[in-house]
Amino acid sequence: MTEATFTIDGQTVTAPEGQKLLWAAEAAGIFIPHLCAHPDHDPPFASCRLCFVEIAGRSEPVTACTEPVKDGLIVRTRSDRVDRLVRSGLHLLMSTHDLDCRACPARHRCGLRQIARRRRIGLRSGDPPPASPGLPRDDSHPRLGLDPNRCVLCGLCVWMCEEVVGRGLLHFASRGPSTRVSTFGGLPLVGQCPLDEGCSARCASVCPVGALYLK
Ligand code: SF4
Ligand code: FES
């Protein structure tokens with residue numbers, strides 16, 4: 001595989017040509033905010049809109065999870081435009097996210113909190129705190145729980161269950177603002193998900209927040 005050499009924030013990085021910038025940066029120890037990407041998921045969803053970077057010669061920021069590495073790229077992970085985009089993207093996600101972090105199963109490993117901390121963005125935008133959407137939590141399963149009030153609709157659990165594990169027990173139900181992750185027919189997890197050695201709850205392991213969780 002051909003190697004490409006380029007710079008990120010002034011640091012020289014070498015990575016396989018064509019690898020997505022997000023993972024090349026991560027391998028080099030450079031943080032780029034992201035919630036909906038996974039190194040094995042290609043093409044990526046690119047739905048969270050948090051991984052913007054600037055590339056010299058481009059007029060607009062690009063998403064690092066979709067941008068392939070090329071020789072000679074000059075990449076910046078921070079600029080006024082990028083910071084504004086990340087801040088507004090994060091606040092948009094948090095506007096519909098249950099922010100009772102003390103009761104959250106993800107707590108300190110929550111992707112939203114990590115991005116907020118790394119980018120010094122307040123968890124609350126200054127607007128009135130969002131009311132929890134009040135959607136019913138599925139606690140029917142003895143080992144797995146689903147709280148749609150914390151879901152950021154990254155799609156990773158749906159991809160994992162369907163394309164990696166090969167069961168396809170989860171999907172996106174409804175459309176628009178009512179979209180949520182659910183079993184087919186909205187049936188309780190307990191009757192649908194066997195959670196055995198065939199999957200080892202990989203859906204919960206990729207959830208970047210506390211929406212799909214092991215008990
Ligand atoms: Fe993503 Fe978690 Fe929501 Fe699944 S439950 S879409 S992994 S945030
Ligand atoms: Fe790139 Fe979500 S990680 S858009």
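None of the figures in this text is laboratory data; all of them are computed from the coordinates on show. None of these values were measured; they are calculated from a predicted model. All Cβ positions, even for glycine, are placed from backbone atoms using ideal geometry, and neighbour counts span all protein chains on display.
Which shape class applies to the stretch 38-78: rounded if a/c is under 1.5, otherwise prolate when a/b exceeds b/c and oblate if not, where a ≥ b ≥ c are the square roots of the Cα gyration tensor eigenvalues? Write out the running numbers ahead of the final one.
On the way: a/c = 2.45, a/b = 1.50, b/c = 1.63.
Oblate shape, in that a/c is at least 1.5 and b/c is the bigger or equal ratio.
What does the net charge come to around Phe52 if you take all other residues with beta carbon closer than 15 Å to its beta carbon, with K and R at +1 and D and E at -1?
After counting each charged neighbour, the total is +4.
Only helical DSSP H runs with n ≥ 4 go in: add -39500 (n - 2.57) per run for the chain, normalise by residue count and round the 222 nm mean residue ellipticity to 500 deg cm²/dmol. Walk me through the intermediate numbers first.
On the way: 6 runs with 43 residues, N = 215.
Only helices count here, giving -5000 deg cm²/dmol.
Can you list residues whose amide H is under 5 Å from Cys65's amide H, if they're 5+ apart or on another chain and H is modeled 1.01 Å from N?
Leu22
Which of Met94, Met1, Met160 comes first, and how do the rest follow, when ranked by fewest Cβ neighbours within 10 Å? Before the final figure, lay out the partial values.
Values: Met94 21, Met1 8, Met160 24.
In order of increasing Cβ crowding within 10 Å: Met1, Met94, Met160.
Would you mind ranking Lys215, Lys20 by Cβ crowding within 10 Å, fewest neighbours first?
Details: Lys215 10, Lys20 22.
If I rank by nearby Cβ atoms, fewest first, I get Lys215, Lys20.
³J(HN,Hα) across the stretch 41-57 via Karplus (A = 6.51, B = -1.76, C = 1.60, θ = phi - 60°), whole Hz, x for Gly/Pro?
Karplus-based 3J(HN,Hα) across the stretch 41-57 equals 9, 9, x, x, 5, 6, 9, 7, 6, 10, 9, 5, 9, 9, 10, 4, x Hz.
What does the charge add up to near Arg118, with Lys and Arg as +1, Asp and Glu as -1, over the other residues with Cβ less than 15 Å from its Cβ? Provide the component values of the computation, followed by the final result.
On the way: positive: Arg78, Arg87, Arg109, Arg113, Arg117, Arg119, Arg120; negative: Asp9, Glu26, Asp83.
Around Arg118, the charge tally is +4.
Roughly how many Å is it from the Cα centre of the stretch 1-43 to that of the stretch 152-215, as a whole number?
27
What is the antiparallel percent of DSSP beta bridges lying wholly in the chain, to the nearest 5? Provide the component values of the computation, followed by the final result.
Numbers: 19 of 21 bridges.
Bridges in the chain that DSSP calls antiparallel: roughly 90 percent.
Among Glu60, Glu54, Glu197, rank each residue by its count of other Cβ atoms within 10 Å, from fewest to most, as a rough exposure measure. Numbers along the way, then the final one.
Working: Glu60 9, Glu54 19, Glu197 6.
Fewest to most other Cβ atoms nearby, the residues stand as Glu197, Glu60, Glu54.
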